[in-house]
Amino acid sequence: MPTNLRAGRRVASLALSLALASGSLSLAAAQSKSAAAAKQLTDVLDRLKLDAIAAPDPSDPGAFVAALYFQGGQLLVVSAKYSAPTLITAKLAKKDYRDVYIDLNAASVAGSKIFVMDQTCDGLVAKPGDNAPDTWEEGPKTTVFDGDWKKAKISEDEYTKAFAGADDRYARILTLLTEQARKSGS
């Protein structure tokens, strides 16, 4: 291998190591499952000129997912059970997605709601840098993904596990919403 190529690889490897050590590049962010799902959803919503979408959750009878989309700015996502699922199903049939979002956010079955604020429509980010942090609310607990586990009074490992679990679930919710948006557009 030529000396210049080896030296170039060493410099690139050193730069990556320094970025990881300084926290400017987060492995969790690089591996975020919800990042690709958020991009797919926002691309479909942009194409269809939708600012809201909702869908049933086939894995949980009586549960639904919904999102409000502020183009280029924010995704507000809710997943919850609703005490009168036939009312939500009727609104879905009429494509009243914004009303479904409002109903799930305001009148969900106690203890069933998950609420996500995806601040830059880029999926959950474990260490957002200069961007506003994403939040995950489940029941009475709110997790702020700002990269500061000490402020949250948990260990880095607990923070990483909380992020990975939320990211997996958020990616699944976004996928359900993307599938519904695609059906709406056809």
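The values are calculated or read from the model by the stated rules, or taken from the named source; none is laboratory data. No experiment lies behind these values; they were computed from the predicted model shown. No Cβ is skipped: glycine too gets one built from the backbone with ideal geometry, and neighbour counts run over all protein chains shown. SASA here: full protein model, heavy atoms, side chains in, ligands and nucleic acids out. Shrake-Rupley method; radii C 1.70, N 1.55, O 1.52, S 1.80 Å.
Just checking, which of ALA110, ALA93, ALA36 is surrounded by fewer than 22 Cβ atoms within 10 Å (Cβ to Cβ), within 13 Å of SER184 (Cβ to Cβ) and hydrophobic (A, V, I, L, M, F, W, C)?
ALA93 is the lone residue from the list that is surrounded by fewer than 22 Cβ atoms within 10 Å (Cβ to Cβ), within 13 Å of SER184 (Cβ to Cβ) and hydrophobic (A, V, I, L, M, F, W, C).
Starting from residues that are assigned to a strand (DSSP E or B) and without any contact (Cβ under 8 Å) to a residue 60 or more places away in the chain, keep the ones in segment 76-98 and report whichever is farthest from LEU176 (Cα to Cα).
TYR82
Just one of ALA37, ALA66 is within 19 Å of SER112 (Cβ to Cβ) and of a type in the set (Gly, Ala, Ser); which is it?
It is ALA66.
List pairs: first in segment 150-168 and under 14 Å from PRO128 (Cβ atoms), second among the hydroxyl-bearing types (Ser, Thr, Tyr) and part of a helix (DSSP H, G or I), Cβ under 6 Å, 6+ apart or cross-chain?
What qualifies is ASP167/SER34.
Scan segment 122-167 residue by residue and report those that are under 18 Å from LEU75 (Cα atoms), open to solvent by 40 Å² or more (accessible area, probe 1.4 Å) and assigned to a strand (DSSP E or B).
The answer is GLU137, GLU138, THR142, VAL144.
Restricted to segment 168-186, and to residues that are open to solvent by 50 Å² or more (accessible area, probe 1.4 Å) and among the hydroxyl-bearing types (Ser, Thr, Tyr), which residue is modelled with the lowest pLDDT?
SER186
Could we say that LEU177 is free of Cβ contacts under 8 Å to residues at least 60 places away in the same chain, within 13 Å of the chain's Cα centre (by Cα) and within 18 Å of THR42 (Cβ to Cβ) here?
no
Can you tell me which residue within segment 49-83, out of those that are open to solvent by 50 Å² or more (accessible area, probe 1.4 Å) and closer than 16 Å to ALA37 by Cα, is modelled with the highest pLDDT?
Here the residue is GLN71.
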